[in-house]
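The values are calculated or read from the model by the stated rules, or taken from the named source; none is laboratory data. If you're wondering where the values come from, they're calculated on a predicted model, not measured in any experiment. Surface areas here come from the heavy atoms of the whole protein model, side chains and all, with no ligands, DNA or RNA. Shrake-Rupley method; radii C 1.70, N 1.55, O 1.52, S 1.80 Å.
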Amino acid sequence: MLQIGSLQFSSPFILAPLAGYTDLPFRILCRRFGAGYCVSEMISCHGLVYRQQNTLDMLRSVEEERPVAFQLFGADPDIMEEATRILMEFSPDMIDINMGCPVKKVTKKGAGAALMADLPLASSIISKVVNAARVPVTVKTRLGKNQQNINVVEFAQMAEQAGAAAIAVHARTWAQGFTGPVNQHLVAKVKKTVSIPVLGNGDIRNRTEAKEMMSATGCDGVMNGRAALGNPWIFSEKYCAETIGQKSSGAILHLQLIEQFFPADRLLGYIKNQMCRYYRGLHGSASLRREIFAANDLSAIKKLLAKTASATTPF
Ligand SMILES: Cc1cc2nc3c(=O)[nH]c(=O)nc-3n(C[C@H](O)[C@H](O)[C@H](O)COP(=O)(O)O)c2cc1C
């Protein structure tokens, strides 16, 4: 059973942080389908320290989704410490530190994947966050800057020494971004080197592949990112969606959660994107996706989902 610090999880399959997606409604949905825990979208330490409303809104949580991890990003150890203190007011179960994001607006400020190139700074950030948090602190990282500078094993040792309770490894380099081969051998090497739990991540498309990654690398759990979008069934042991109808039932559940927590009427673009993901790659779904994108309001989208919820077209 996956255990991080004193927390035990019902499943080793975890929802990876995805900016723009792993918000409260989607996290609840994935927990209902069986995710061991979910990681929030990345949250700026500066946004927290300045108590910006849009940042504070990202910290909304409910009992049903717990345990939950909120992910922080930043490059200044003192600000990360201050942000952790503020984050603690919202009672997270865990705090994850983003040390793997390759997006320019994050790395140009020295945060995310840029921290892989500065181990002393990364260590100082982890120690300060650990000191200010009264919950387990995890770190999510990559293999290194590029193929010539692979340092994930050294990085993981540093993270463990600085007090991290677990490490998640997206098995690509910073230079690779989100495409190209994933190197699971290095996840195995990290697992052999540290004694904290190791979560593997990168291109896992289903539960079978997740289990294969665990047995190939010895890692303690797997983070699923893109494959979970429109597909919370990836976390379910018992159920999978085999028809457009079943997909629509999942989409309806997701939309109900969005309506419960967000002003859905004002978020049509976001909702269309989320809903269409349920039918991606599904034979015979192109016209449905087109209709969803063409919908003028929320009730039109709901009608399309309801109409197709009874369809049993296999894919
Ligand atoms: C749209 C998108 C948003 C992401 N946002 C974050 C983020 O906020 N924090 C983070 O650590 N990683 C983020 N990632 C990286 C994912 O957590 C994950 O490491 C990566 O997508 C590889 O896993 P996958 O192949 O299962 O998607 C993001 C990836 C995508 C595609």
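Side notes on the structure shown:
- Residue separation of R60 and S195 scaled by 0.36 nm, minus their Cα-Cα distance, works out to 45.4 nm of gained length.
- Additional length obtainable on full extension of the chain from E154 to A227, 0.36 nm per residue less Cα span: 23.4 nm
- Within the chain, DSSP assigns beta bridges of which about 10% are antiparallel (rounded to the nearest 5).
- Cα-based reach from K238 at 19 Å (exclusive), listing aspartates and glutamates while leaving out same-chain residues under 8 positions away: E209, E212
- Within the accessible area of segment 192-279 (1.4 Å probe), percent carbon and sulfur: 48
- Karplus-derived 3J(HN,Hα) values for segment 210-226, using 6.51 cos²θ - 1.76 cosθ + 1.60 with θ = phi - 60°, are 5, 5, 4, 5, 5, 6, 6, 10, x, 5, 8, x, 10, 9, 9, x, 4 Hz; glycine and proline are entered as x.
- Using a cut-off of 19 Å between Cα atoms, the listed pairs K104/K140; K140/K247; K108/K145; K105/K145; K211/K247; K109/K145 include K140/K247; K211/K247 as exceeding that distance.
- Eligible aspartates and glutamates near K303 by straight Cα distance, threshold 19 Å, same-chain separation 8 or greater: E259, D265, E291
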